[in-house]
Amino acid sequence: MSAKQSLPDADVEAAEQQDPTSGETEFETDTHRLPVETRPTIRPVLVWMAIVISMGVGAIALVFSKADAVGGPELAKILIQAVGILTLLVVLRLAIRAVILRRTTYTITNDTVRRQYTLLLRTRVREVPADVIRSSELRQSRIQRFLGYGTLAVNEGLGEIDLEHVPDPQAIRGALRDVIDTRSDTTL
Amino acid sequence: MSGRRWDATRIEKLRRAVDLLVVYLVNLALYAGPLTLAGIGIGSESTVPDWLLVLTGGERGPVLLFVAGFVRNSAYLFGVTVATLLGIHLAVLVTLQSKGVMRTAYSVVYSTSIYLAGLFTVVWYLTTATGVHNARDFVVNVQVEFIYRVIDLTGSEMRFGLARPDTLVPGEFSLVGELSLALLLVLFVYYLYSIYLGTRLNHDAGRFEGVVTVSIVVLLPVLYVVGSIIAAGITNVPFYP
């Protein structure tokens with residue numbers, strides 16, 4: 001039985017059309033056409049931004065309504081300003097993270113696994129040759145599974161590359177397995 | 001062969017320690033320089049020790065005052081950084097997460113120290129600026145009240161040089177005072193977060209161990225005050241932290 005036939009059914013489903021927040025993935029039915037190129041999803045970052053903003057606004061409203069409990073109106077003003085500044089800083093950091101993720105691409109070819117992003121005229125590329133890949137690990141918590149993304153850690157401890165916020169990670173892992181199996185067949 | 005590899009590892013560790021020290025000293029100069037230029041830490045000529053005259057070739061005047069202020073600011077920042085390093089590493093040791101003091105040093109040099117410098121700057125500004133006297137008094141009152149609360153907790157009848165404040169907030173804060181206090185609080189939160197993140201990333205600690213480390217660092221001032229109370233009780237010297 002070939003490596004491709006042993007893939008789980010989920011890995012050979014029809015190509016899906018995804019919304020802009022979840023990245024883009026292209027692959028054929030029955031087999032994984034290489035190169036596979038995908039972008040990380042920013043959905044979890046947007047969720048975190050919504051949570052942070054809600055918590056910040058909630059904390060400000062609470063302090064405003066219970067000023068005496070925090071030591072009086074003067075201290076309440078200090079706390080409100082501090083919470084506001086912290087909320088803005090965290091939202092800004094998440095926004096930067098979302099921009100970086102949107103400008104990141106993951107590419108799997110017969111020869112390499114590559115992570116690349118370009119920001120402010122600066123390009124960062126991390127590439128691992130396919131013939132040195134020895135392991136891959138899919139990490140997906142319950143929340144990540146609910147939101148439909150995960151992290152693929154490739155070659156951990158051996159010159160690793162992490163593909164974070166990967167939409168439909170099972171499919172990408174399938175493509176990775178194809179690359180590893182093809183390399184093994186060639187070697188044999 | 002194994003002995004040579006062990007020596008190479010030692011040399012590599014030493015090289016990394018020297019690199020880290022150089023980075024820290026450069027950062028220290030970058031923090032202390034602008035502070036001194038802004039007038040923070042600069043006193044009168046009478047407060048300048050004579051040995052500093054060697055650095056200025058015997059010249060008195062603005063250069064000497066600047067050098068004295070720079071040395072004073074650097075010493076304060078260095079002292080606070082060392083205390084933070086020891087405190088964080090002690091906390092990491094207690095939680096059995098330590099992977100070596102170098103990892104703690106990396107975390108302190110590259111992230112925590114910048115927030116310490118920020119805290120130091122704001123406190124110095126409140127101490128020396130005009131128009132923020134209520135904010136300044138509030139910061140002092142919080143510290144005094146904290147010490148009295150610890151004394152109350154220990155049940156000690158310790159004498160303390162400063163009177164307990166009747167109220168924490170002496171009066172309405174000016175806008176600059178408000179913003180300074182808000183910034184102080186934000187920097188303190190980021191300082192604690194940098195300790196948490198440094199513990200998790202550099203010592204591969206879990207979330208719980210990270211939180212415990214931060215909690216221990218937060219409790220260190222309490223331990224310091226308790227220790228001072230005990231020492232004052234043993235030596236019969238009045239407690240004046």
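The values are calculated or read from the model by the stated rules, or taken from the named source; none is laboratory data. It should be emphasised that the depicted structure is a prediction, and the values quoted were computed from it without experimental measurement. Neighbour counts are summed over all protein chains in view; Cβ atoms, including those assigned to glycine, are modelled from backbone coordinates with ideal geometry. Calculation scope for accessible area: heavy atoms of the full protein, side chains included, ligands and nucleic acids excluded. Shrake-Rupley method; radii C 1.70, N 1.55, O 1.52, S 1.80 Å.
Taking all protein chains as they are arranged and a probe of 1.4 Å, the heavy atoms of residue A:34 leave approximately 40 Å² accessible to solvent. Kirkwood analysis of the Cα pair distances in segment B:138-185 returns a hydrodynamic radius of 12.2 Å. Karplus-based coupling profile of segment B:61-77, in residue order and whole Hz: x, x, 5, 5, 4, 5, 4, 4, x, 4, 5, 5, 4, 5, 5, 4, 4, with θ = phi - 60° in 6.51 cos²θ - 1.76 cosθ + 1.60 and x standing for Gly or Pro.
In the context of the full set of protein chains, residues of chain B present 58 Å² of accessible surface per residue (probe radius 1.4 Å, heavy atoms only). What is the sum of charges, Lys and Arg at +1 and Asp and Glu at -1, for the other residues whose Cβ falls under 15 Å from the Cβ of residue A:49? The answer is +4. If only the Cβ of Lys and Arg carry +1 and only the Cβ of Asp and Glu carry -1, the dipole of segment B:78-236 around its Cα centre is close to 480 debye.
Averaging the sequence gap over all C-alpha pairs within less than 8 Å and six or more residues apart, then dividing by the number of residues, gives segment A:37-160 a relative contact order of 22 percent.
Buried surface between chains B and A: roughly 1200 Å² of accessible area, summed over both sides, computed with a 1.4 Å probe on protein heavy atoms only.
A straight line joining the Cα centroids of segment B:83-129 and segment A:78-137 runs 27 Å. Residue B:12 contributes about 70 Å² of solvent-accessible surface, heavy atoms of the protein only, 1.4 Å probe. Can you list the residues of segment B:179-195 that have at least 30 square angstrom less accessible area with all protein chains present than in their chain by itself, probe 1.4 Å? Going by heavy-atom accessible area, the residues of segment B:179-195 that drop by at least 30 Å² are B:182, B:185, B:186, B:190. Largest GNM mean-square fluctuation across B:75, B:91, B:38, computed for chain B with C-alpha springs under 10 Å, falls on B:38.
Of the listed residues A:97, B:149, the order by accessible area with a 1.4 Å probe, largest first, is B:149, A:97. A simple rule links phi to the HN-Hα coupling: the Karplus curve 6.51 cos²θ - 1.76 cosθ + 1.60 with θ = phi - 60°, which for segment A:148-160 gives x, 8, x, 10, 9, 9, 10, 6, 4, x, 10, x, 7 Hz, with x for Gly and Pro. Averaged over peptide A:75-85, the number of partner chain Cβ atoms lying within 10 Å of each residue's Cβ comes to 5. Using the Karplus relation 6.51 cos²θ - 1.76 cosθ + 1.60 with θ = phi - 60°, the per-residue 3J(HN,Hα) values for segment A:86-96 come to 4, 4, 4, 5, 5, 4, 5, 4, 5, 5, 5 Hz, with x marking Gly and Pro. Rolling a 1.4 Å probe over the protein heavy atoms leaves residue B:214 with an accessible area of roughly 20 Å².
Here the accessible area of segment A:131-188 is 48 percent carbon and sulfur, with a 1.4 angstrom probe and all protein chains present.
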